[in-house]
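Notes follow the structure.
The values are calculated or read from the model by the stated rules, or taken from the named source; none is laboratory data. As the structure is a computational prediction, the values presented were derived from the model and not from experiment. Every residue, glycine as well, gets a Cβ built from its backbone with ideal geometry; the counts of neighbours run over all protein chains shown.
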Amino acid sequence: MSIRLTQYAHGGGCACKIPPGELEGVVAGLARPPRRPHGQLLVGLDTGDDAAVVGIRPDLALVATTDFFTPVVDDPYDWGRIAAANALSDVYAMGGTPVVALNLLGWPRDVLPLELAGEVLRGGLDVAAEAGCHVAGGHSVDDPEPKYGLAVTGLVDPGAVMRNDAGAAGVPLSLTKPLGLGVLNNRHKATGEVFPHAVETMAALNRDASRAAVAAGIRCATDVTGFGLLGHLHKLARASGVTAVVDSTAVPYLDGAREALRDGYVSGGTRRNLDWVAPHVDLGGADDALLLADAQTSGGLLLAGEVPGAAVIGELVPRREHTIVVR
């Protein structure tokens, strides 16, 4: 009998994140500069951006991030690929290039064979290699639930950093991967049904989209993961002092996503996302609000600008009553 990894965790993928409303209260006030810093903190905790950026020379900065989560699919190799792509995405969302990563592994060693952990690590290694990123060791713990991810360090030109507080009115909004990963993953966890197109979407690097965005002069971006499109867009619009107008008919979805929503495969994380953003969003009677708040795992980049191949889903406008208006 094959082992279903998703059955060994209470949640799956980025849907197991601590709710954003709770998390912001916990980290508030925790930013404190060292007495003798070894570089200038260019991006920190202030706006809840995707990674930290520290300038070390006028022409060079470090990007640092970490991301890990419980199994989002049953196949250990695919889970490793997805978790690695998701962690690397934070560097790409800042306009950077990942250089070195460290594994983060939690494993119930008395419950699941260590050979499966080896497959998880192999999947992560293969995706990091595709990204040109070294994987140089890491850390593991005996954990009641399996968890995996990476701590990643990258490089970026300080003048080309993409950040979530640099949005400006009059700029289009683009999305580089379709939504619906959360509901399809939840269906997979509940039924065992496999969705290869969702797996490949999650395992795909955001490298090319990031390079295209930097080349196009885009300086405002984030990636769409556990807080859903609405959650991450709310943070971007709030930090930038603008309102995002979203054309709900232009938002792309994976095949099967609407059917999964119809059949009730909605995670608790997605419902919490919608509850959190609801006071800040004019949904305009949108019938797909839960999909717009769907907790994505290794989703695409959300860009204030246009790049080839990305769906234009709306625009930024001068600040209104709400941070997001859905039409």
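Quick one: what pairs do we get from the range 189-200, first residue more than 16 Å from Pro76 (Cβ to Cβ), second of a type in the set (A, V, I, L, M) and assigned to a loop (DSSP other than H, G, I, E, B), C-beta under 9 Å, 6+ apart or different chains?
Sorted first by the residue in the range 189-200, then by its partner, the pairs are Phe195/Val73; Phe195/Leu254; His197/Leu254; Ala198/Val73; Ala198/Leu254.
How about the range 69-91: which of its residues are buried (at least 24 other Cβ atoms within 10 Å of the Cβ) and among the charged types (D, E, K, R)?
Of everything in the range 69-91, those that are buried (at least 24 other Cβ atoms within 10 Å of the Cβ) and among the charged types (D, E, K, R) turn out to be Arg81, Asp90.
List the number of the failed condition for Ala15; all other conditions in (1) in contact with a Gly (Cβ under 9 Å, 6 or more places away or on another chain); (2) modelled with pLDDT of 90 or more; (3) not basic (Lys, Arg) hold.
Among (1) in contact with a Gly (Cβ under 9 Å, 6 or more places away or on another chain); (2) modelled with pLDDT of 90 or more; (3) not basic (Lys, Arg), Ala15 violates only (2).
Do we have Thr270 as closer than 23 Å to Arg187 by Cβ, surrounded by 18 or more Cβ atoms within 10 Å (Cβ to Cβ) and of a type outside the set (Asp, Glu) here? Full working, then the answer.
Details: closer than 23 Å to Arg187 by Cβ: yes; surrounded by 18 or more Cβ atoms within 10 Å (Cβ to Cβ): yes; of a type outside the set (Asp, Glu): yes.
Against the criterion (closer than 23 Å to Arg187 by Cβ, surrounded by 18 or more Cβ atoms within 10 Å (Cβ to Cβ) and of a type outside the set (Asp, Glu)), Thr270 qualifies.
Among what's in the range 294-303 and is assigned to a loop (DSSP other than H, G, I, E, B) and in contact with a strand residue (DSSP E or B) (Cβ under 9 Å, 6 or more places away or on another chain), pick the residue that is surrounded by the most Cβ atoms within 10 Å (Cβ to Cβ).
Let us first name the residues in the range 294-303 that are assigned to a loop (DSSP other than H, G, I, E, B), namely 294-300.
After this cut, where a residue has to be in contact with a strand residue (DSSP E or B) (Cβ under 9 Å, 6 or more places away or on another chain) as well, the list is 294, 296-300.
Details: Asp294: 33, Gln296: 31, Thr297: 27, Ser298: 31, Gly299: 29, Gly300: 26.
Here the answer is Asp294.
List the residue pairs whose Cβ atoms are under 6 Å apart, where the first residue sits in the range 300-318 and is in contact (Cβ under 8 Å) with a residue 60 or more places away in the chain, the second is charged (D, E, K, R) and crowded, with 23+ Cβ neighbours inside 10 Å, and the two are 6 or more positions apart or on different chains.
Correct list of pairs: Gly300/Lys177; Leu301/Asp223.
When you scan the range 36-49, do you find a residue that is free of Cβ contacts under 8 Å to residues at least 60 places away in the same chain, within 22 Å of the chain's Cα centre (by Cα) and within 30 Å of Ala190 (Cβ to Cβ), even just one?
So far as the range 36-49 goes, no, none of its residues is free of Cβ contacts under 8 Å to residues at least 60 places away in the same chain, within 22 Å of the chain's Cα centre (by Cα) and within 30 Å of Ala190 (Cβ to Cβ).
Which members of the range 148-189 meet the condition of being assigned to a loop (DSSP other than H, G, I, E, B) and polar (S, T, N, Q)? Spell out how you get there, then give the answer.
So the first thing to find is which residues in the range 148-189 are assigned to a loop (DSSP other than H, G, I, E, B), and the list is 157, 161-162, 164-171, 176-178, 180.
Result: Asn164, Thr176.
Is at least one residue of the range 101-113 touching a Cys at 6+ places or on another chain (Cβ under 6 Å) and in a strand (DSSP E or B)?
First, pick out the residues of the range 101-113 that are touching a Cys at 6+ places or on another chain (Cβ under 6 Å): 101.
Subsequent filtering for residues that are in a strand (DSSP E or B) retains 101.
Checked against the condition, which is being touching a Cys at 6+ places or on another chain (Cβ under 6 Å) and in a strand (DSSP E or B), the range 101-113 yields at least one hit.
When you scan the range 79-89, do you find a residue that is among the polar types (S, T, N, Q), assigned to a strand (DSSP E or B) and either without any contact (Cβ under 8 Å) to a residue 40 or more places away in the chain or not assigned by TED's automatic domain parsing to the domain that holds His197 (or both), even just one?
Step one: filter the range 79-89 for residues among the polar types (S, T, N, Q), giving 86, 89.
So of that shortlist, the ones also assigned to a strand (DSSP E or B) come out as none.
Among the residues of the range 79-89, not one is among the polar types (S, T, N, Q), assigned to a strand (DSSP E or B) and either without any contact (Cβ under 8 Å) to a residue 40 or more places away in the chain or not assigned by TED's automatic domain parsing to the domain that holds His197 (or both), which makes the answer no.
Each row is one residue, and each column tells you yes or no for (1) within 16 Å of Thr297 (Cα to Cα); (2) in a helix (DSSP H, G or I); (3) out of contact with any Gly (no Cβ under 9 Å at 6 or more places or on another chain); (4) touching a residue at least 60 places away in the same chain (Cβ under 8 Å).
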{"site": "Leu233", "(1), (2), (3), (4)": "yes, yes, no, yes"}
{"site": "Val245", "(1), (2), (3), (4)": "no, no, no, yes"}
{"site": "Glu259", "(1), (2), (3), (4)": "no, yes, yes, no"}
{"site": "Gly264", "(1), (2), (3), (4)": "no, no, yes, no"}
{"site": "Arg271", "(1), (2), (3), (4)": "yes, yes, yes, no"}
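Give Pro172, Pro144, Pro108 a once-over and let me know the one that is touching a residue at least 24 places away in the same chain (Cβ under 8 Å), surrounded by fewer than 16 Cβ atoms within 10 Å (Cβ to Cβ), within 25 Å of Ala295 (Cα to Cα) and more than 22 Å from the chain's Cα centre (by Cα). Please lay out each step first, then the result.
Working: Pro172 fails: more than 22 Å from the chain's Cα centre (by Cα); Pro108 fails: within 25 Å of Ala295 (Cα to Cα).
Just one listed residue meets the conditions, Pro144.
Only residues that are of a type in the set (Gly, Ala, Ser) and more than 15 Å from the chain's Cα centre (by Cα): list them for the range 200-223, please. Give the steps one after another, and end with the answer.
Here is the first cut: in the range 200-223, the ones of a type in the set (Gly, Ala, Ser) are 203-204, 209-210, 212-213, 215-217, 221.
Listed by number, the residues that qualify are Ala212, Ala213, Ala215, Ala216, Gly217.
Of Leu236, Leu230, which residue is over 20 Å from Met94 (Cβ atoms) and modelled with pLDDT of 95 or more? Walk me through it before giving the result.
Working: Leu236 fails: over 20 Å from Met94 (Cβ atoms).
Going through Leu236, Leu230 in turn, just one is over 20 Å from Met94 (Cβ atoms) and modelled with pLDDT of 95 or more: Leu230.
Would you confirm whether any residue within the range 111-130 is surrounded by 23 or more Cβ atoms within 10 Å (Cβ to Cβ), of a type in the set (A, V, I, L, M), in contact (Cβ under 8 Å) with a residue 60 or more places away in the chain and within 20 Å of Val73 (Cβ to Cβ)?
So far as the range 111-130 goes, yes, one or more of its residues are surrounded by 23 or more Cβ atoms within 10 Å (Cβ to Cβ), of a type in the set (A, V, I, L, M), in contact (Cβ under 8 Å) with a residue 60 or more places away in the chain and within 20 Å of Val73 (Cβ to Cβ).
Quick one: would you say Val245 is crowded, with 23+ Cβ neighbours inside 10 Å, aliphatic (A, V, I, L, M) and over 19 Å from the mean Cα position of the chain (by Cα)?
Values: crowded, with 23+ Cβ neighbours inside 10 Å: no; aliphatic (A, V, I, L, M): yes; over 19 Å from the mean Cα position of the chain (by Cα): yes.
Criteria not met by Val245.
Quick one: Ala286 ticks every box in (1) within 17 Å of Ala311 (Cα to Cα); (2) without any contact (Cβ under 8 Å) to a residue 60 or more places away in the chain; (3) hydrophobic (A, V, I, L, M, F, W, C) except a single one, so which number is it?
(1)
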